[in-house]
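Chemist: For reference, the structure I am asking about is given below.
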Amino acid sequence: MVFLPMRPGDLTFAHTQALVDEVVTVSDDAIERVVAWLFRHAKLVVELSGGASVAAALATSAASLDVQIVVVVRGEKISGSALSVIISRVGYETSVGD
């Protein structure tokens, strides 16, 4: 019997099938607004992928229910200049509910 090695995506796909309830897409504008909002109100410097996660959580029907939502955010891959451009574009006093 020959065993082929598992491909990297096989395990990820299996976990996704088992654990993901919904896939949500969000606009670039929504992501940037969340990044700026997190910087202003939560005092977090968050990269765009983290902003996407928060924007998606806010866009889901679960956000209006009495359930806990956990979102992992990181700030390691955003430069100060990129953050400055985002804040200039969407505004420092932006809100995420608009």
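Chemist: Between residues in the stretch 6-32 that are closer than 21 Å to L48 by Cα and in contact (Cβ under 8 Å) with a residue 60 or more places away in the chain and residues that are β-branched (V, I, T) and in a helix (DSSP H, G or I), which pairs lie under 9 Å by C-beta distance while being six or more apart or on different chains?
Modeler: Partner pairs satisfying both residue conditions: D29/V90.
Chemist: I'm trying to understand the selection: among the residues of the stretch 30-58, which are surrounded by fewer than 19 Cβ atoms within 10 Å (Cβ to Cβ) and basic (K, R)?
Modeler: Correct list: R40, K43.
Read-outs throughout are calculated quantities, based only on the coordinates presented, and are distinct from any laboratory measurement. Values in this document were obtained by computation on a predicted structure and should not be read as measured data. Positions of Cβ are generated from backbone atoms using ideal geometry, with glycine treated the same way; all protein chains shown enter the neighbour counts.
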